[in-house]
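Participant: There's a structure below that I have some questions on.
What follows draws every value from the coordinates through simple rules; no lab data is involved. None of these values were measured; they are calculated from a predicted model. Every residue, glycine among them, receives a Cβ derived from its backbone with ideal geometry; neighbour counts consider all protein chains shown.
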Ligand code: NAD
């Protein structure tokens with residue numbers, strides 16, 4: 001439904017609709033402006049109500065138009081709002097459901113606002129690296145003051161309209177629908193005004209006695225917490241002007257700041273991720289209409305580190321979970337661990353005690369496979385050993401009901417081989433959770449050769465219920481994320497051989513924006529895990545050159561935080577990493593053994609070698625079809641591996657550097673005699689794209 005005007009006596013009710021979220025794209029803005037113009041010109045109309053169709057006001061501007069000429073097409077959002085604000089007939093916003101971003105700014109341009117039950121207000125622009133660019137930074141503080149306005153704009157989250165009861169932001173807050181109340185208010189106001197101009201938000205001013213102190217505090221907090229993000233400071237600058245400059249100047253400043261952010265690299269990256277996350281849910285050959293299976297009961301097999309975290313996800317979503325272990329002790333331990341995690345959340349105030357209790361009762365521990373017979377989804381999280389997995393899947397196959405989904409949390413093993421140990425490979429899928437499974441947002445959904453489309457669609461849908469961001473990966477060793485990680489870690493170890501210290505490497509990549517450098521991360525995950533994988537590699541892929549330095553570390557029993565010693569030293573009760581003299585000595589001996597002196601390595605070389613190691617492997621993953629599209633790889637790396645979101649992920653970052661530049665730099669690294677001579681051979685896809693001046697983003701979706 002486009003824009004419809006209905007007369008309610010002398011009040012024109014203009015309703016706009018643009019499924020699914022009533023965004024204010026160029027066509028809607030044009031039609032809305034035409035309807036408002038017509039109502040203003042119509043002598044029979046004394047007042048106007050603007051409402052969104054289908055129970056929601058508007059989620060804001062059309063993000064797809066951002067940075068394109070369509071966003072500026074006349075009337076742009078500012079012009080539309082100015083038209084509303086300048087009307088001599090009072091205009092009332094009837095707010096139902098979400099009223100966000102540009103939609104909220106439109107409501108702020110109206111002379112009066114009426115919110116219905118359940119309405120939510122918010123300015124989420126900051127999440128896309130932007131500021132509200134259609135007057136939000138100027139009008140909102142004029143209604144609720146600088147401090148409240150800044151809190152709302154910087155948080156970016158939708159807030160219950162009821163919280164603004166009694167403030168000048170809302171003229172009425174009603175229990176039911178907003179439109180009838182808005183119509184009544186519009187009629188009353190037009191009579192009261194008797195032809196006088198209605199009040200405009202732009203003419204208001206809130207007294208701000210301690211403005212400088214508050215803004216100083218806000219700026220300091222932002223500098224320490226959001227150093228890489230330009231939008232929050234720009235928001236403070238813009239909002240400050242609402243209190244210190246006149247409206248026109250404040251608007252001009254807002255527009256300038258908005259344009260700078262819009263075309264700056266951080267917003268480009270964050271918008272890329274926004275679309276990437278949504279695109280990840282789309283699978284080329286699985287239609288949205290694919291029937292899904294119902295999942296009402298879940299079983300988790302293995303109550304260790306991962307099994308307990310996985311179980312908590314489903315308990316949080318309100319699904320009953322059966323937890324199966326090998327023996328009573330392990331089972332008790334798993335159940336106790338789940339209880340401890342809930343209690344820790346209660347203690348931190350993140351969970352109510354009664355909710356923890358109601359979730360805990362959904363858990364039923366068992367030692368008998370027969371007790372899992374009525375479960376619809378059975379997830380295995382036992383030891384990473386093919387023989388053990390095959391045995392478990394054989395048992396699951398014998399007891400699970402027809403139509404049940406059998407999932408594995410394996411990180412590296414061949415899902416097709418696991419599926420082959422059942423008589424129903426179409427029902428088998430990988431659900432690769434990340435540790436801690438109840439915290440990490442990423443879920444790699446591994447599609448086996450035989451995995452049914454309905455099974456895939458069901459797990460993707462379910463992931464949303466669990467609050468996860470799911471990305472589909474094909475079968476290969478390590479899937480998307482760990483396969484890339486292996487090359488990154490290999491390169492980190494070559495850098496150690498050549499003279500960089502763990503501290504320098506971690507600091508360099510953390511300054512680039514990674515949440516944690518490779519050595520702090522390995523100490524946290526346990527250095528023994530990588531050791532097991534490498535031992536397997538030495539047998540299976542003897543041609544793959546690996547630095548042996550991490551093996552030497554493990555031979556010293558330095559497995560990381562859990563042993564109080566890894567690449568760094570750890571002190572009891574202190575998780576901070578301290579440089580270790582033992583490791584320094586070991587590294588010096590190791591380099592001497594290789595005949596290498598420690599050379600001084602620039603941080604820029606460290607960063608490029610680590611990041612391009614990821615990019616080159618990712619190009620192979622993309623070409624092989626393990627990932628459907630390059631943006632999926634970005635989602636995996638940002639949500640699962642701490643890649644800086646403000647760089648948009650490794651592929652987005654490489655595209656922004658320029659693939660020709662990436663390949664050129666790799667050629668420089670290839671001249672280094674240390675390491676694996678084949679390492680820096682560009683993946684065929686990367687070489688092709690670089691040679692033709694293309695980007696990963698241009699490669700589209702594999703079907
Ligand atoms: P873990 O050793 O902490 O737990 C495994 C549990 O499985 C143990 O409690 C064990 O008693 C139980 N178990 C073993 N064989 C069993 C059987 N036949 N039946 C029932 N229970 C059995 O291991 P984890 O770290 O939780 O890893 C489990 C799986 O998750 C592995 O496949 C691993 O590769 C994968 N994974 C681990 C991580 C991680 O960071 N730890 C991340 C992603 C995936």
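Participant: From Cα pairs below 8 angstrom and at least 6 apart in sequence, can you work out the relative contact order of the stretch 189-290, rounded to a whole percent?
Facilitator: Relative contact order comes out at 20 percent.
Participant: Considering the alpha-carbon set of the stretch 298-473 alone, what are its Rg and its Dmax in angstrom?
Facilitator: Computed over the Cα atoms of the stretch 298-473, radius of gyration and Dmax are 15.2, 47 Å.
Participant: Oh, and also: Scale the Cα Rg of the stretch 481-699 by the rule-of-thumb value 2.2 N^0.38 Å and send over the ratio, two decimals.
Facilitator: With N residues counted in the stretch 481-699, Rg over 2.2 N^0.38 Å equals 1.01.
Participant: A further question follows. Can you tell me the FRET efficiency between residue 588 and residue 698 if r is taken as the Cβ-Cβ distance and R0 is 51 Å, rounded to the nearest 0.05?
Facilitator: Values: r = 47 Å, r/R0 = 0.92.
Given R0 = 51 Å and the Cβ-Cβ separation, E is 0.60.
Participant: What is the helix-to-structure angle for 527-540, meaning the angle in degrees between its Cα long axis and the longest Cα principal axis of the chain, kept from 0 to 90 and rounded to the nearest 10?
Facilitator: 60
Participant: Please report the equivalent ellipsoid semi-axes of the stretch 4-262, computed as sqrt(5 x eigenvalue) of the Cα gyration tensor, largest first, in whole Å.
Facilitator: Listed largest to smallest, the semi-axes of the stretch 4-262 are 29, 20, 17 Å.
Participant: Now for a separate question. To the nearest 10 degrees, how steeply does helix 581-594 sit against the main Cα axis of the chain, on a 0 to 90 scale?
Facilitator: Helix 581-594 sits roughly 60 degrees off the main axis of the chain.
Participant: Taking the Cα centroid of the stretch 96-119 and of the stretch 434-488, what is the distance between the two, rounded to the nearest whole Å?
Facilitator: The stretch 96-119 and the stretch 434-488 have Cα centres spaced 38 Å from each other.
Participant: Also: Along the principal axes of its C-alpha atoms, what lengths does the chain span, in descending order and rounded to whole Å?
Facilitator: Here the Cα extents, ordered largest to smallest, are 90, 61, 52 Å.
Participant: Taking the mean number of other Cβ atoms within 10 Å as a proxy for protection, how do you rank 74-85, 49-60, 210-221 from highest to lowest?
Facilitator: Going by the mean number of other Cβ atoms within 10 Å, highest first, we get 49-60, 74-85, 210-221.
Participant: Give the peptides 416-425, 558-567 in descending order of average Cβ contacts within 10 Å, highest first.
Facilitator: 558-567, 416-425
Participant: Would you work out the relative contact order for the stretch 481-699, in percent, from Cα pairs under 8 angstrom that are 6 or more residues apart?
Facilitator: Worked out over the stretch 481-699, it gives 24 percent.
Participant: Return the distance in nm (one decimal) between the two label points of a simple spin-label model at residue 671 and residue 73, each offset 7 Å from Cα along Cα→Cβ.
Facilitator: With each label placed 7 Å out from Cα toward Cβ, I get 5.1 nm.
Participant: List the relative contact order of the chain as a percent without decimals, with contacts defined as Cα pairs under 8 Å and 6+ residues apart.
Facilitator: So the answer I get is 9 percent.
Participant: Here is a follow-up. What is the order of 376, 655, 31, fewest Cβ neighbours within 10 Å to most?
Facilitator: Neighbour counts put them in this order, fewest first: 31, 376, 655.
Participant: Still on this structure, please answer the following. Nearest-5 percent of antiparallel DSSP beta bridges in the chain?
Facilitator: Around 30 percent antiparallel, to the nearest 5.
Participant: When DSSP beta bridges are limited to those with both residues in the stretch 4-262, what percentage is antiparallel, rounded to the nearest 5?
Facilitator: 25
Participant: Provide 229, 637 in ascending order of the number of other Cβ atoms located within 10 Å of each residue's Cβ, fewest first.
Facilitator: Lowest count first: 229, 637.
Participant: Okay, moving on. Please arrange 580, 547, 242 by counting, for each residue, the other beta carbons lying within 10 Å of its beta carbon, fewest first. Please report the intermediate quantities before stating the final value.
Facilitator: Details: 580 20, 547 23, 242 29.
By the 10 Å Cβ count, ascending: 580, 547, 242.
Participant: By how many degrees, between 0 and 90 and to the nearest 10, does the Cα long axis of helix 386-399 differ from the longest principal axis of the chain?
Facilitator: 60
Participant: Taking every DSSP beta bridge that has both residues in the stretch 298-473, what percent is antiparallel when rounded to the nearest 5?
Facilitator: 15
Participant: Starting with the highest mean, order 292-299, 586-593 by the number of other Cβ atoms within 10 Å, averaged over the residues of each peptide.
Facilitator: Ranked by mean Cβ neighbours within 10 Å, highest first: 292-299, 586-593.
Participant: Then there is this: Express in nm, to one decimal, how much length is gained between residue 602 and residue 217 on full extension, taking 0.36 nm for each residue of separation and deducting their alpha carbon distance.
Facilitator: Contour length minus Cα-Cα distance gives 135.0 nm.
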